[in-house]
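The structure appears below as structure tokens.
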Amino acid sequence: MITAIIDYESGNLHSAEKAFQRMARETGAGEVHVTSDPDLIRAADRIVLPGDGAFPACRKALFDHRGVFEAIEEAVITRARPFMGICIGMQMMATRGLEYQETSGFDWIGGEVGRIEPEDASLKVPHMGWNDLVIDRKHPVLGGIDSGRHAYFVHSYHFRVNDPDHRIAHVDYGEEITAIVGRDNIIGMQFHPEKSQSTGLRIIGNFLGWRP
């Protein structure tokens, strides 16, 4: 079993790699590879798309790597391999992003990524630090995770889904901020599970054992 963490030069992948390797050892989930090799991505049993930065730059970086997005889409959409998007990797699943300019996303989950605009002026943007998850619906990747568990966020834009059934969890930050989205074999989280201590490690372990 192989889990491919996609390297498209969007952020430091070291902490994500270590967290996934740790949970792969603990759950017997096989090997974890950080890669931009389309052949390895196509052959992987699970795909993870992390990333930091602005929506347009991350999309450009991803599509500038010849064959990488095509390999991801073949593995995830055609072959139905489990997929996890983290932070900007989750946002890329939207129909479009509105950061700096309108930019097309993957359109895997309908909706748009817009700026956080809390009504309370004391709430700063970016939304940075720990916040309590509110679970909207059950999901296998959230096994053992209840509302009130803490997760670590760093972002100024958030995913507004068209279909409320695609929102799995949110947090309150002057407005309801989407924390987890998902459908079928894909799931994404706005927070960083690799930085969210026991909550994040539990989610990673659940993902590695997920058989959608």
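The values are calculated or read from the model by the stated rules, or taken from the named source; none is laboratory data. Note that the coordinates shown come from a computational prediction; the quantities given were computed from them, not determined experimentally. Because the Cβ atoms are built from the backbone with ideal geometry, glycine has one as well, and the counts that use them run over all protein chains shown. Keep in mind that these areas ignore ligands, DNA and RNA; they rest on the heavy atoms of the full protein, side chains included. Shrake-Rupley method; radii C 1.70, N 1.55, O 1.52, S 1.80 Å.
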Return the carbon/sulfur percentage of the accessible area of the chain, one whole number, probe 1.4 Å, all protein chains in place.
44
Size of electric dipole in region 74-155: Cβ of Lys, Arg +1 and of Asp, Glu -1, about Cα centre, debye, nearest 20
380
For region 75-212: accessible area per residue (Å², 1.4 Å):
43
Could you give P(r) for the chain, binned at 10 Å from zero, as whole percent values over all Cα-Cα pairs?
9, 38, 39, 12, 1
Label-point gap, in nm, between Leu98 and Ala121 - each point 7 angstrom along Cα→Cβ
2.2
Would you grab the residues whose amide H sits under 5 Å from the one on Ser36? Only those 5+ places off in sequence or on another chain, please, with H modelled 1.01 Å from N.
Asp7
Dipole magnitude of the chain, debye to nearest 20 (Cβ charges: Lys/Arg +1, Asp/Glu -1, about Cα centre):
540
At 1.002 mPa s and 20 °C, Stokes diffusion of region 1-91 via Kirkwood alpha-carbon radius, µm² per second
165
Of Ala94, Leu49, Gly111, which is farthest along the charge dipole of region 1-113 in the positive direction, counting Lys and Arg as +1 and Asp and Glu as -1 at C-beta?
Leu49
Rounded to the nearest whole number, the per residue volume of the convex hull around the C-alpha atoms of region 125-190 in Å³ is 82
Per the charge dipole of the chain (beta-carbon charges, Lys/Arg positive, Asp/Glu negative, Cα centre), the residue among Ile135, Ile177, Gly28 reaching farthest to the positive end is Gly28
What's the extension gain from Trp130 to Ile77 if we count 0.36 nm per residue and subtract their Cα-Cα distance?
15.8 nm
Computed [θ] at 222 nm, deg cm²/dmol, the chain (DSSP H ≥ 4; -39,500 (n - 2.57); rounded to nearest 500)
-7000 deg cm²/dmol
The relative contact order of the chain, taking Cα pairs under 8 Å that sit 6 or more residues apart, comes to a percentage of 20
Under 28 Å between alpha carbons - lysine pairs in the chain that sit 8 or more apart or on different chains:
6
